[in-house]
1. With the crude spin-label approximation of a point 7 Å out along Cα→Cβ, what separation in nm comes out for D75 versus R61?
2. Within 10 Å, at most 14 other Cβ atoms, and a DSSP state outside H, G, I, E, B define an exposed site. Report the longest part of the chain free of exposed chymotrypsin sites (Phe, Trp or Tyr not before Pro).
3. Calculate, in nm to one decimal, what H180 and M156 gain on full extension: separation in residues at 0.36 nm each, minus their alpha carbon distance.
4. Using the beta-carbon distance between L376 and V188 and R0 = 45 Å, what value does 1/(1 + (r/R0)^6) give for FRET efficiency, to the nearest 0.05?
5. Could you work out how far the C-alpha centroid of region 216-273 sits from that of region 141-163, in angstrom?
6. What's the percent breakdown of Cα-Cα distances in region 202-262 across 10 Å bins, shortest bin first?
7. Quick one, can you get me the convex hull of the C-alpha atoms of the chain expressed as volume per residue in Å³?
8. Could you check the spin-label model distance between E28 and N325? Points 7 Å from the Cα along Cα→Cβ, value in nm.
Amino acid sequence: MTKVTLSVIKADVGSIGGHTKPSEPMLEVVRARVNGAIGKLLIDGTLTYTGDDIALIMSHRHGVGARAVHQFAWDCFLAATDEARKGGLYGAGQDLLVDAPSGNVRGAGPAVAEIEFDRDPKSKHRPAEAFLVFAADKCGPGAYSYPLYATFCDPMHDGGLLLNPKMHLGFSLTIIDMDHHARDSDRVIRLDVPERSWDVACLLQNPDRFAIEAVHSRYKPEEQIASISATRLHNIAGKYTGKDDPVAIVRTQGIFPAPEEVIEPWLLGHFVSGDCRGSHVMPIMPVPIGTPVGGAYCLPIVSCMAFSMDEKGVFTSEAVDLFGNAAWDSVRLKVQQKADEWRRQGFVGATMASHAELAYTGIVDTLSALEKEFTLRGEPLAATGD
Ligand code: 13P
Ligand code: MG
Ligand code: MG
C-alpha cells in the first residue's frame, strides 16, 4: 500500500493578447521542470491549460500542503512568468500575489486542490483509482457549488445516490466561508447530507461567500472524494487582480459517483460570477482542454480531464478530455445563445456581479464621489455663493 497525494496547483502568470492563454514557451519551461521532477520530488506530473491558467497535476508522497511540492509549483510559475515577461505578454505573474510564499502557496495567489489517500490495489473498497480534474477560468470558486450539490445531494441528477448502497449512506460536505479574512485561520462548517442538504443549500445560495471545499464519504473507512480550491484572490490582494479561476479534484467510481454523474450538472450552463473584469454574471461553458478564452465578455469556461493512477501513483499515459467529446457541442451552442441573450441587459442589475464583488473594483470610487452630490429633497440646498 502506498500513501499518495494528488495535488493540483494552478496559476495565471501571463497570457497572449489579453486574458486568453499562456504561450508555448511558458508551457515549455514548466513542462521541462515537471519532467525533471518526476521520479524525484514527484511520482508523476503533467500540466494543462484552460484559458489563461496553467494547472500542474502532480502525484507524490509528501502529503497535503507539503512545502517542497508547493515551492516547486511556485518556482514553475516564476519560470513561466519570466517567459511571459520576455514575450511582452499580458499579466505576467498575475496570480503570484506575495514575494515569496511561506511554505504553502494556498493564500499566496495560486489555486490549490489536494487529496491524500491510500493507493492499494488489494483494497476491498478501492482497488482502482479514477479521478477527474476540473479547471475553470473567468469565475470564482462558487462555480462548483451547483454541480457538486447536484451530484452529491440530488438523485434527480445523480441516480447513483439511489442505486449504489455505499453512496446511499450519504456524504459529508465541508463548506468554507470565503469572506473570513484572517491569514492564519479558516471558517468552515461540516454538514452531512442528505439530512442537512437544505442547510447546505441555504449556504450555497450565496456562491460569492460560501463554497464547498471538500467532500468526504460516510462509508467507512472515510475517504476524501473531492477537493476544491476555495480561496478568493480579492481577499488576498485587497483589490481585484484577476478572477480566482478555481480547480477541483473529484475521485470517481466504485464507492464514489461515476464520472458521468459528476459531469451531468454541467449540461445546464449555470450562471456564475466572473467573466469580463471578474465583475459580471454569465453562464459557464464546458470546453475541451487547452481552449483559449475568445468569447465575448470572457464567457467563463471549464475543462474536465479523467485520469487513472496505477498502484505506485503513476498516471496513465493518456487522459480523457471529457468536455472535448461531441456530446458537449450542443451544450456549448446553448450556453453561447444564453450568454448572448443575457448580455443584452448590459450593466443593469443582475447581469453585473453583486455589490459585494464590485466592492473590489473602481466603481466604488465613482459611487463614493457621487455620494457627496446627493441631497435630501425638502432640505434647503447648500448656498453656492452665486
Ligand atoms: P483572469 O482572472 O482569467 O486573468 O481574467 C481576468 C479578467 O479581468 C478578464 O476580463
Ligand atoms: Mg489573466
Ligand atoms: Mg484566468
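1. Going from the D75 label point to the R61 one covers 2.0 nm.
2. In short, 1-346.
3. 5.3 nm
4. 0.55
5. So the two Cα centres are separated by 11 Å.
6. P(r) over region 202-262, rounded to whole percents: 19, 39, 29, 12, 1.
7. 173
8. 3.5
The values are calculated or read from the model by the stated rules, or taken from the named source; none is laboratory data. Because the structure is a prediction, the values reported are computed rather than measured. For neighbour counting, all protein chains shown are included, and Cβ atoms are generated from backbone atoms with ideal geometry for every residue, glycine included. We work out accessible area using only protein heavy atoms, side chains counted, and drop any ligands, DNA or RNA first. Shrake-Rupley method; radii C 1.70, N 1.55, O 1.52, S 1.80 Å.
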